Structures are given as C-alpha cells and as structure tokens.
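Q: My questions all concern the structure below.
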Amino acid sequence: DSVFSHIVRAPEDPILGVTVAYNKDPSPVKLNLGVGAYRTEEGKPLVLNVVRKAEQMLVNDRSRVKEYLPIVGLAEFNKLSAKLILGAESPAIRENRVTTVQCLSGTGSLRVGAEFLAKHYHQRTIYIPHPTWGNHPKVFTLAGLSVKTYRYYNPVTRGLNFQGLLEDLGSAPSGAIVLLHACAHNPTGVDPTFQQWEQIRQLMRSKCLLPFFDSAYQGFASGSLDADAQSVRMFVADGGECLVAQSYAKNMGLYGERVGALSIVCRAADVASKVESQLKLVIRPMYSNPPIHGASIVAIILKDRNMYNEWTIELKEMADRIISMRQQLFDALRARGTPGDWSHIIKQIGMFTFTGLNKEQVAFMTKEYHIYMTSDGRISMAGLSLKTVPQLADAIHAAVT
Ligand SMILES: Cc1ncc(COP(=O)(O)O)c(CNOCC(=O)O)c1O
C-alpha cells in the first residue's frame, strides 16, 4: 500500500475554507462574506483599468523577455515599492538605508522577513496582536520564531484595548519583535489613532522592540495611500530600524499574481547592503527568484505619473464603496430595530467588520440565510452590495433576536 497511507486529512483553512463551503452551497441567494477580496456592486472580482492598461503595454512591448529576475526581484519594482510605503521624501531612502526585496505577495514578504530574523536577530520572540490574521502565527512559527500575543481588541467596546496593548508590549522582553498592522487591522477593522501610534512608537523605541509592519491594505482603508502609511512613516522618521511587508493583492487587485515586497530599514547604508546579501541566502533556497509579470505591472503603474494618478482614483473608488456598504448595513440594522449597538460597523475601517457575532450566531446565519463568513464573526464588506445588504441585515437581526 501507499507510503503515504498514514496521512490524515488536514482541516480546511479557517478563511479559505469558507469559500470551499460557499461553493458547495446550491442556494441561489448564497452570499460569500468570507475571504478578503474586493467585489464590485455586481459581486464580481475587479481588474483595475490601469492594470489592464499596464498589461497591454507589456504585451505590446516586444523587447520584453521571460528571463529569470535576480534573487531580489525587479529592481525598479523594489525602489518604487519602498517609495510607496516610506514616502517619496523618506530620509531612509535618501540615505540609502533601506533594502527592499520582491517577495511572493504579503505572505511571502512576512515569511522571508521571519526566516531572516530567526537566522540573524538576537531575539526569537515575536509578539502578534490578539486577534490577528489567521495565517500570521503559522508563518512565524514555521520560520522558527516563538509567537506570543499582545492584547489588541476590546470585545466590550469593539474597539482597541489600548491599555492592554501598552501593558503587554511594556512587559515584553527588551528587543522582542512586534508585528504591527500598518492600517486596516484584520480581522477587527480597529486601528490605533495617530496619537496612540505615537505612544506605541515611544514605548517600543524605549524598550528596543523591533517593529515588523504588515501593510496589506495601503490606500484601501482611508482611500489615501499616504494616510494609510502614516504609522510606518512615524517609526522610520525617528531614525530607528524596522521591517515592512507590503502586498499589492488588495490595493492593486493583483491577488493571484502574488506581488509583494519586504523592506528592512537599517541605521546605516552599509548595514542595509549586508542585510540584502543575507536576504538573498534566505530567498535562493526557498523559491530562487520571484515572478516577473505582476511586478512589471506594478512598476509600470508606479513610475508613470498619469497611471499612478489613475490608480489612486480607482483605489479610492474601491475604498469608498466599502465605506458606503458600512453605512448601508448600519442603516439597515437601525431600520429593523436590531437589538444592540452597531456603531462599530461604521467606526471600523478597511475591508472587514468584526461584528461581534459568536460562532453559534454565525452558524445560524449560514444555515438559515446562506451567509458565508468566518466563524470569528468577521465579514468582508467588499462582498456586500446594495441588493444584498437587506439579506445580511435580516440574518443578523434574526441571529440576535
Ligand atoms: C493582514 C494581512 N497580511 C497579509 C496578507 C497576505 O496577503 P497576500 O499574501 O495575498 O498578499 C493578508 C491577506 N488576507 O487575506 C484575506 C483574508 O484575510 O481573508 C492580510 O489580511
């Protein structure tokens, strides 16, 4: 018999498994509010016009070849990605203190960064928010880091547990790594205010905690690329060091192209260059070098003023549609007199609403109303449309009364 006959069936991924269940449901009114992928008012995935334009330019350019990229990826893409997140005027870029490597989207950037830290950084403990994106603990554990959590969400106020956050980071061992969502915290949709970020920065610098930013939604939260990068830029402005993982999955709609970048901001240029040489030793045996197509699309858009502006307009349209879905759902629950305070729906930002519904209520909504969402009560607002808001509001109303 098979040498693999001892293998047991693994459970579905808690997030991607929702789509598996959704696909199996024959109901004509089923609604997928699980995976964090943008959908139009018609419920369809969106390819940005500016992305289609960039792809057309690539196809028309007969000089382009399919050679291997360097281990660190497309140089132009790396430079432009650092500029996007750190800002065109970033002192770190000006002083050549940043190394950026193209990775396999946000997940790949997090993994390469974690493997690098496990190999070269003196502290192996990483503090991640509770709750956080379901894949975070696995990525860091498999890379060889030991994962601890810091309090982040207050289920009573459905807002930030700022005191808990400060206490937990305050009692972390000096030098520990801290994962920070740059904006649009997944799954809670709760972000620190600017003032709170400044307090977090001061505390972290005083304890030499190493910031590892995860930026998967830049521009998607507020509609402004610069506003959504403020947390990262505050830390870089103080001259300290940090890591930043970037994903273009959501804000450029390049999900399946797997386009991302890891930047490491160092205190000195020669350190950054040595860091890059060691990042290459992590990447080479992992996947050797990254895919050329998606990075080429991003580079074309970021380097051309007109295409960059066109992108920002399309990005704001996506962000605004999600924000309007928040208002629609909030109004629909109020119109139904649904018991409870639902103001967090319009206070939270980014792609997700952390509803506060429990596992049983979620299971009820799936069974009775064919609503598919993660069991922690998170819904992707991007999956909603004007015509499906009533169905969700009816389901929530029934689940809580
Ligand atoms: C916080 C965070 N970091 C990183 C990533 C990595 O995304 P990618 O590797 O696709 O760039 C994601 C993507 N999330 O996936 C959608 C969902 O939670 O339903 C993310 O949310």
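Q: Taking H as built 1.01 Å from N, whose amide H comes closer than 5 Å to the amide H of residue 150, not counting residues under 5 places away?
A: When sequence neighbours closer than 5 places are left aside, the close amide H contacts are 128, 130.
Q: Can I ask one more? More than 20 Å apart: what percent of Cα pairs in region 261-401 qualify? Walk me through the intermediate numbers first.
A: Working: 6221 of 9870 pairs.
Percentage above 20 Å: 63.
Q: With every atom except the alpha carbons ignored, what do you get for Rg and Dmax of region 1-158, in angstroms?
A: 21.1, 63
Q: Please report, as a whole percent, how much of the solvent-accessible surface of region 1-128 comes from carbon and sulfur atoms (probe radius 1.4 Å). Walk me through the numbers on the way to the answer.
A: Values: 4280 of 7510 Å².
Result for region 1-128: 57 percent of the exposed heavy-atom area is carbon or sulfur.
Q: Could you give each residue of region 393-400 its phi-based ³J(HN,Hα) in whole Hz, using Karplus coefficients 6.51, -1.76, 1.60 with θ = phi - 60°, and x for Gly or Pro?
A: Result, ordered by residue: 4, 4, 5, 5, 4, 5, 5, 9 Hz.
Q: If every alpha-carbon in region 93-166 counts as one equal scatterer, what log10 I(q)/I(0) does Debye give at q = 0.22 1/Å?
A: With one equal scatterer per Cα and no solvent, log10 I(q)/I(0) is -0.99.
Q: Can you list the HN-Hα couplings for region 373-390, worked out from phi with the Karplus curve (6.51, -1.76, 1.60; θ = phi - 60°), rounded to whole Hz and with x for Gly and Pro?
A: In residue order, the calculated couplings are 8, 6, 5, 7, x, 7, 10, 8, 5, 5, x, 8, 9, 3, 7, 9, 4, x Hz.
Q: Then there's this: Where only protein heavy atoms count, and the probe is 1.4 Å, what is the accessible area per residue for the chain in Å²?
A: Values: 17860 Å² over 401 residues.
That works out to 45 Å² for each residue.
Q: By its C-alpha gyration tensor, with a ≥ b ≥ c as the square roots of the eigenvalues, how is region 152-255 shaped: rounded for a/c under 1.5, else prolate for a/b larger than b/c, else oblate?
A: Note, shape of region 152-255 comes out oblate.
Q: Hey, rough spin-label estimate for residue 397 and residue 336, points 7 angstrom out along Cα→Cβ, what's it come to in nanometres?
A: Placing both labels 7 Å along Cα→Cβ, they lie 0.6 nm apart.
Q: Also: Quantify, in whole percent, the carbon and sulfur part of the accessible surface of region 176-283 (1.4 Å probe; protein heavy atoms only).
A: Working: 1680 of 3200 Å².
Summing carbon and sulfur atoms, their accessible area is 53 percent of the total for region 176-283.
Q: In addition: Towards the positive end of the charge dipole of region 199-270, with charges on Cβ (+1 Lys, Arg; -1 Asp, Glu), say which of 251, 225, 211 has the farthest Cα.
A: Towards the positive end, the residue furthest out is 211.
Q: Name the most mobile residue of 183, 242, 208, meaning the one with the largest mean-square fluctuation, in a Gaussian network model of the chain with Cα contacts below 10 Å.
A: Of 183, 242, 208, the Gaussian network model singles out 208 as fluctuating most.
Q: At 222 nm, what helix-only mean residue ellipticity would the chain give, in deg cm²/dmol to the nearest 500, using -39500 (n - 2.57) for each DSSP H run of four or more? Write down the numbers at each step before the final one.
A: Numbers: 15 runs with 176 residues, N = 401.
It comes out at -13500 deg cm²/dmol, rounded to the nearest 500.
Q: Largest first and in whole Å, give the semi-axes of region 23-105's equivalent ellipsoid, each being the square root of 5 times a Cα gyration tensor eigenvalue.
A: On the way: eigenvalues 246, 82, 39 Å².
Equivalent ellipsoid semi-axes, largest first: 35, 20, 14 Å.
Q: So how tilted is helix 305-336 from the main axis of the chain? Cα-based, degrees 0 to 90, rounded to 10.
A: In the chain, helix 305-336 runs at an angle near 30 degrees to the longest axis.
Q: Please list 125-131, 185-191 highest first by mean number of surrounding beta-carbon atoms within 10 Å per residue.
A: 185-191, 125-131
Q: Using only the Cα atoms of region 228-299, build the gyration tensor, take square roots of its eigenvalues as a ≥ b ≥ c, and label the shape rounded, prolate or oblate: rounded if a/c is under 1.5, else prolate if a/b is larger than b/c, else oblate. Working shown, then result.
A: Numbers: a/c = 2.81, a/b = 1.21, b/c = 2.31.
The shape class here is oblate.
Q: Can you list the residues, at least 5 places off or on another chain, whose amide H is less than 5 Å from the amide H of residue 352, using H built in the peptide plane?
A: Answer set, sorted by chain and number: 381.
Q: While we're on this one: Determine the gain in length on full extension of the stretch residue 76-residue 234; use 0.36 nm per residue of separation and subtract their C-alpha separation, reporting nm with one decimal. Present the calculation step by step, with values, prior to reporting the outcome.
A: Details: separation 158, 0.36 × 158 = 56.88 nm, distance 2.48 nm.
In short, 54.4 nm is gained.
Q: Enumerate the lysines that residue 30 could reach by cross-link, defined here as Cα to Cα under 20 Å, with residues fewer than 8 away along the same chain left out.
A: Filter leaves 44, 359, 367, 387.
Q: Rank 225, 281, 210 by mean-square fluctuation in a GNM of the chain with C-alpha springs under 10 angstrom and give only the top-ranked residue.
A: 281
Q: Let me ask you something else. State the Kirkwood hydrodynamic radius of the chain in Å, one decimal place, computed from all pairs of distinct Cα atoms. Each step should come with its number before you reach the end.
A: Working: mean 1/r = 0.0454 Å⁻¹.
22.1 Å is the Kirkwood radius here.
Q: While we're on this one: Which order do the peptides 266-278, 170-182, 2-14, 104-116 take when ranked by the mean count of other beta-carbon atoms within 10 Å per residue, highest first? Present the calculation step by step, with values, prior to reporting the outcome.
A: Numbers: 266-278: 15.1, 170-182: 19.3, 2-14: 7.8, 104-116: 24.4.
Listed from highest to lowest mean packing, they are 104-116, 170-182, 266-278, 2-14.
Q: Could you order the peptides 149-159, 53-63 from most to least packed, using the average number of other C-beta atoms within 10 Å per residue? Display every interim value, and only then the final one.
A: On the way: 149-159: 16.5, 53-63: 12.1.
Packing proxy ranking, top to bottom: 149-159, 53-63.
Q: If you wrap region 1-64's Cα atoms in a convex hull and average its projection over all directions, what's the area in nm²? Could the numbers behind the result be given before it?
A: Working: hull surface 38.3 nm².
Mean projected area for region 1-64: 9.6 nm², to one decimal.
The values are calculated or read from the model by the stated rules, or taken from the named source; none is laboratory data. Quick caveat: nothing in here was measured; it's all calculated off a predicted structure. Virtual Cβ from ideal backbone geometry, glycine too; neighbours counted across all protein chains shown. The area values use the complete protein model at the heavy-atom level, side chains included, leaving out ligands, DNA and RNA. Shrake-Rupley method; radii C 1.70, N 1.55, O 1.52, S 1.80 Å.
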